[in-house]
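This report concerns only the one structure given below.
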Amino acid sequence: LYDSPDGHSDSMPASSSNALASDGFRIISHQPLIIDFPDFLGPSECQSIIRAVMRCSPESATFTFHENEQLDPDDERLLPEERAALLKVLLHAANFLQTPRHGGEVRPRCAFTASTAHSSRSVPRGLHVDTNRRERRFATAIVYLASLERESDGCTLFPCAGRSEAAVAARKGGTALLKAGHQHTFDTPSGNDAVHVLHRAACDENTFGIAPTIGRLAIFFSRDHNGGIDPASWHTGAAVLCEPSAFHEGLPKGKWSMQVFKEVPRDAACSVEAYAAQRWRAITSKKRNRGSQGKVNNNLLISAI
């Protein structure tokens with residue numbers, strides 16, 4: 001995998017997109033737009049969020065296979081350090097995307113995925129775009145609360161990113177699905193060729209993906225520079241192939257992440273498309289005007305699997 005997939009349609013020098021800016025972020029993809037904030041949270045903050053979701057989740061949540069639980073920042077059961085870590089993510093996403101928290105957004109969701117019996121990359125939950133059933137959604141922030149080794153996989157995969165033959169075919173398939181009104185591969189009729197193309201591309205070991213690294217925050221857009229749903233934003237989480245060797249003491253081993261979904265407010269003075277496009281362009285223009293700052297830390301680049 002590459003920090004910028006070959007042939008991405010960006011007009012910035014490669015060094016500009018790869019280098020960490022003074023404010024700690026870099027653009028690692030323009031189609032879809034993905035912004036990377038390495039080491040956004042510290043290990044203790046990540047551990048606080050995990051403990052909070054385990055304590056505040058319903059008794060039915062066993063955290064033995066796959067769980068996806070909401071976490072309310074106003075929950076009175078949260079400890080001060082837990083609320084602080086959660087709000088740090090929420091407020092950063094709100095400020096960076098110029099979209100304050102509002103009642104039309106769903107609460108943050110914390111996901112746990114245990115290791116499976118798969119021996120190679122697989123995508124058991126299919127692929128989707130984040131506008132699925134939430135048409136006002138335009139961007140998603142995902143923070144990884146634990147690290148996984150290369151052999152564990154568990155990457156967040158974007159098979160339509162880049163100009164490889166597989167990515168171009170996947171993007172064509174994703175475009176066809178969107179035109180047909182489908183935003184999740186599991187919601188399509190059986191035998192759909194476009195679904196097979198997307199799934200095959202996602203399982204390719206060379207597809208573009210974000211490796212789970214503790215504290216890493218990634219913000220990606222589901223809409224493009226014109227505000228339309230970006231066919232390159234189809235994504236999924238790869239199965240976790242084996243337990244990580246090192247982990248938070250006393251907590252279930254597997255992939256831990258938290259997602260914050262940002263939506264266009266109902267009282268916005270413009271259309272969903274115009275609102276999303278304004279924020280897409282503001283981020284890329286700011287990064288382009290700043291130019292390259294600092295050196296690339298190769299340890300933070302997206303890892304090959």
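The values are calculated or read from the model by the stated rules, or taken from the named source; none is laboratory data. Note that the structure is a prediction, hence the values are computed from the model and not measured. Cβ: placed from backbone, ideal geometry, glycine included. Neighbour counts: every protein chain shown. Quick note on the areas: whole protein, heavy atoms, side chains included, nothing else; ligands and nucleic acids left out. Shrake-Rupley method; radii C 1.70, N 1.55, O 1.52, S 1.80 Å.
Summary table
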| quantity | calculated |
| --- | --- |
| At R0 = 51 Å, FRET efficiency that the Cβ-Cβ distance of T62 and A180 yields, to 0.05 | 0.85 |
| D75/L251 FRET efficiency (R0 30 Å; Cβ-Cβ; nearest 0.05) | 0.95 |
| Built amide H within the under 5 Å cut-off of R137, gap 5+ | V264 |
| Spacing of the two label points (7 Å from each Cα toward its C-beta) at S44 and Q278, in nm | 4.0 |
| The range 146-282: radius of gyration over Cα atoms, expressed as a fraction of 2.2 N^0.38 Å | 1.19 |
| Apportionment of accessible area to carbon and sulfur, the range 198-286, percent (1.4 Å) | 48 |
| 1.4 Å probe accessible area per residue over the chain, in Å² | 44 |
| Share of pairwise Cα separations in the chain, more than 32 Å, in percent | 22 |
| Projected label distance in nm at E151 and R55, using a 7 Å step from Cα toward the beta-carbon | 3.5 |
| The range 105-188 - percent of accessible surface contributed by carbon and sulfur, probe 1.4 Å | 47 |
| 3J(HN,Hα) from dihedral phi, the range 88-99, Karplus parametrisation 6.51/-1.76/1.60, rounded to Hz, x for glycine, proline | 4, 6, 4, 6, 5, 4, 5, 6, 5, 9, 6, 9 |
| Whole-number percent relative contact order across the chain, with pairs defined as alpha carbons under 8 Å at least 6 apart | 31 |
| Spin-label pair N192/E135, simplified geometry with 7 Å Cα→Cβ offset, distance in nm | 1.8 |
| For the chain, the longest site-free run once GluC sites (Glu not before Pro) in DSSP loop states with at most 14 other Cβ atoms within 10 Å are removed | 136-204 |
| Karplus 3J(HN,Hα) series, Hz, for the range 237-243 with 6.51 cos²θ - 1.76 cosθ + 1.60 (x for Gly, Pro) | x, 5, 4, 8, 7, 7, 5 |
| Links that overshoot a 31 Å alpha carbon limit, given the list K88/K172; K179/K262; K88/K255 | K88/K172 |
